[in-house]
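Have a look at the structure below, then the notes.
The values are calculated or read from the model by the stated rules, or taken from the named source; none is laboratory data. Being a predicted model, the structure only gives us computed values, none of them experimental. All Cβ positions, glycine included, derive from the backbone under ideal geometry; neighbour counts span all protein chains shown.
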Amino acid sequence: MSRHTGLVIGAIVLSAITAGAAASYVWVVGRTFDQLEAGLQTGAMWFAPAAIVGLAILRAVSLYLQTVQTNRLALTVMQDLQNAMFAKLVRADFARLQGEPVGSLVSRFTNDITLLRETLIRLTNNLLRDVLQVIATIGWMLWLDWMLTLLVLVVYPLASWPVIRIGQRLRKTSNQAQSQMGAVTSQLEESFSGTRMVKTYGLEEAETERAARSFGERLRFLLRIAENKARVDPILEAVGGLALAILITVAGLRLTAGESSIGDLMGVLTGVALLASPIRAIGTLNAVVQEGFAVLERVFAVLDEPERVASALDAPALDVPAGAVEFDTVGFAYPDGTPALKGVSLKAEPGRTVALVGPSGSGKSTVLNLLPRLYDPQSGTIRIDGTDIRAVSLASLRSAMALVSQDVTLFDDTVKANIGFGDPGAPDEAIIAAAKAADAHDFIMDLPGGYDAPVGPRGSNLSGGQRQRLSIARAILKDAPILLLDEATSALDTESERRVQAALERLSEGRTCLVIAHRLSTVRNADWIYVMESGEVCEQGRHDELEAAGGLYARLCRMQFGAQET
């Protein structure tokens with residue numbers, strides 16, 4: 001909030017005006033009854049209506065302005081938090097993002113921020129205004145009759161201890177409820193994104209039951225929160241009644257003894273009436289604040305996370321004169337301790353194509369993930385043109401690489417925008433040239449709108465082969481010296497694979513390429529092949545040499561090519 005001092009100061013000033021106008025009713029009522037007691041009925045009849053109408057108008061205007069100002073402050077702060085949290089997460093290392101379901105991440109920006117926004121609006125609207133109103137009202141009451149006012153002040157704090165205890169329980173429950181809401185969001189994302197499998201396997205009933213269990217658990221959390229909140233108002237109601245009973249008793253005794261006037265008594269009673277609403281709001285606000293603090297803990301847990309993969313301080317930019325890649329005895333294990341690479345050493349000479357083959361889980365994808373520093377290895381060194389990649393800036397390292405993978409990422413934007421992500425700001429001519437080189441121009445021109453046609457969510461308006469060729473066009477536009485190909489054709493039909501493979505060959509010319517492929521027919525012409533198994537390089541060489549050696553590569557070839565012949 002300190003970033004928006006103008007909004008904060010405006011909210012405080014307007015809250016003070018609103019609170020002062022309300023508290024002034026105490027003085028008006030006291031003065032009016034004093035005039036009536038003194039026999040000045042005419043003065044009282046003119047003074048009271050004029051003063052009350054004037055204060056009501058002032059309070060109405062300031063209340064409107066204060067509500068608008070505090071909402072603007074709260075919403076602006078929430079936008080700051082959303083921006084900061086997104087910037088932190090989008091820059092977080094790959095392991096961090098892979099370790100939390102997408103639905104849970106989305107929940108932080110929707111459910112968490114919504115609850116936090118409501119908390120901040122209540123805080124800025126009610127806490128400022130109501131606390132100031134309580135202070136101003138008590139000030140008037142003390143001026144009229146300090147003894148009666150002190151009696152009121154002795155009784156109300158009796159409610160503070162149970163209200164605080166309720167707030168502490170709420171904070172814990174709310175934290176659990178927000179975490180569970182993230183799990184619900186993830187489950188919904190799984191169910192709806194997997195609709196094809198759910199329907200094909202007849203899992204509608206099972207998914208409905210699974211969702212019902214999650215919704216039931218959500219209901220239990222929300223009921224516990226509602227029950228705790230419901231305890232606050234009865235406590236404050238009882239304390240308020242006790243205060244009023246004591247006040248009337250003592251006031252009667254003081255009036256009988258001639259120690260107080262009717263005007264003072266009515267003014268203090270008006271003050272008690274004015275205190276009831278803000279004190280109740282402050283009491284219930286504690287429950288809301290505890291919910292907000294529980295959310296805030298989750299937000300700042302993200303913002304305060306240390307970056308495990310980051311550029312060294314004042315790291316220079318990577319210079320890539322040739323594009324040679326070297327892994328020197330690299331070892332890596334995932335955060336859960338599962339080993340992925342065990343002392344892997346391999347090289348890719350400039351302008352050459354190096355293929356990584358092997359069964360699933362052998363470590364091929366981990367090699368590709370380590371090169372752009374999506375993770376950092378626990379041992380060994382990765383070099384590009386002799387430079388340790390941890391010694392250069394992340395931005396320059398990743399700008400030297402282009403990725404084409406089996407899982408094509410397209411955003412819900414136009415064709416031109418999705419190709420243009422390879423080089424933001426590239427002219428239309430360059431984008432069209434990249435599309436032609438990727439064999440995508442013709443089908444793009446057949447789309448309604450051509451390059452301005454929307455691709456749909458995740459590229460749903462395009463076929464698999466079309467999405468893949470847009471991905472290749474994006475890589476061509478980036479024109480990076482190092483190319484990473486991860487199963488780029490494995491999910492395509494024969495015709496699409498032929499066209500995509502031809503585009504990839506054009507893209508690979510003059511670049512250092514690291515290729516992962518299960519279809520060994522696509523890597524027969526690679527300059528060098530590394531065969532991986534259980535996180536280690538078990539064989540290396542050219543296709544003919546490895547096939548003749550009779551090892552794992554030969555067995556993989558027999559399994560694939562033998563099956564094809566059959």
Please tell me if Ala503 is crowded, with 20+ Cβ neighbours inside 10 Å and modelled with pLDDT under 85. yes
Of all residues in the range 506-535 being surrounded by fewer than 16 Cβ atoms within 10 Å (Cβ to Cβ) and hydroxyl-bearing (Ser, Thr, Tyr), which is modelled with the highest pLDDT? Ser534
Name, by its number, the condition in (1) modelled with pLDDT under 80; (2) farther than 25 Å from Glu207 by Cα that does not hold for Gln178. (2)
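Assess whether Asp388 counts as being touching a helix residue (DSSP H, G or I) at 6+ places or on another chain (Cβ under 7 Å), surrounded by fewer than 16 Cβ atoms within 10 Å (Cβ to Cβ) and among the charged types (D, E, K, R).
Numbers: touching a helix residue (DSSP H, G or I) at 6+ places or on another chain (Cβ under 7 Å): no; surrounded by fewer than 16 Cβ atoms within 10 Å (Cβ to Cβ): yes; among the charged types (D, E, K, R): yes.
Criteria not met by Asp388.
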Tell me yes or no: at least one residue of the range 87-100 is crowded, with 20+ Cβ neighbours inside 10 Å, on the phi < 0 side of the Ramachandran plot and assigned to a helix (DSSP H, G or I). no
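Do we have Asn461 as in contact with a Leu (Cβ under 9 Å, 6 or more places away or on another chain), farther than 14 Å from Arg499 by Cβ and either surrounded by 23 or more Cβ atoms within 10 Å (Cβ to Cβ) or charged (D, E, K, R) (or both) here?
Numbers: in contact with a Leu (Cβ under 9 Å, 6 or more places away or on another chain): yes; farther than 14 Å from Arg499 by Cβ: yes; either surrounded by 23 or more Cβ atoms within 10 Å (Cβ to Cβ) or charged (D, E, K, R) (or both): no.
The answer is no for Asn461.
Restricting the range 337-352 to residues that are on the phi > 0 side of the Ramachandran plot and in contact with an Asp or Glu (Cβ under 9 Å, 6 or more places away or on another chain), which is modelled with the highest pLDDT?
Going through the qualifying residues, I end up with Gly343.
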